[in-house]
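Below: the structure, in structure tokens.
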Amino acid sequence: MADEQHAKGQGKKVQGSVKETAGKVTGDENLEAEGKADKSEGSLRKAVGNVKDALKGK
């Protein structure tokens, strides 16, 4: 289960990086902000996965 959180988190971070870069290149501030939000969500999901791992003793 925690590995799923890690994978989803990493996916969101990559997706966010792509959106943020696309927003910067095109000058779309909304897309850039959406990308930053996705990256933050990805970091949070990975942290949740780390907590679950710690509770399971991994």
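Counting only residues that are in contact with a helix residue (DSSP H, G or I) (Cβ under 6 Å, 6 or more places away or on another chain), over 10 Å from Lys13 (Cα atoms) and either surrounded by fewer than 16 Cβ atoms within 10 Å (Cβ to Cβ) or touching a residue at least 24 places away in the same chain (Cβ under 8 Å) (or both), the range 32-58 holds 4 of them. Of all residues in the range 1-31, exactly one satisfies the criterion of being surrounded by 14 or more Cβ atoms within 10 Å (Cβ to Cβ), over 11 Å from the mean Cα position of the chain (by Cα) and touching a residue at least 40 places away in the same chain (Cβ under 8 Å), namely Ala2.
For (1) at pLDDT 95 or above; (2) of a type in the set (Gly, Ala, Ser), each residue gets a yes or a no:
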residue: Ala7; (1), (2): no, yes
residue: Gln15; (1), (2): yes, no
residue: Glu20; (1), (2): yes, no
residue: Lys24; (1), (2): yes, no
residue: Glu29; (1), (2): yes, no
residue: Glu41; (1), (2): yes, no
residue: Val51; (1), (2): no, no
residue: Lys58; (1), (2): no, no
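The values are calculated or read from the model by the stated rules, or taken from the named source; none is laboratory data. All figures in this text were calculated on a predicted structure; none of them were measured in a lab. For neighbour counting, all protein chains shown are included, and Cβ atoms are generated from backbone atoms with ideal geometry for every residue, glycine included.
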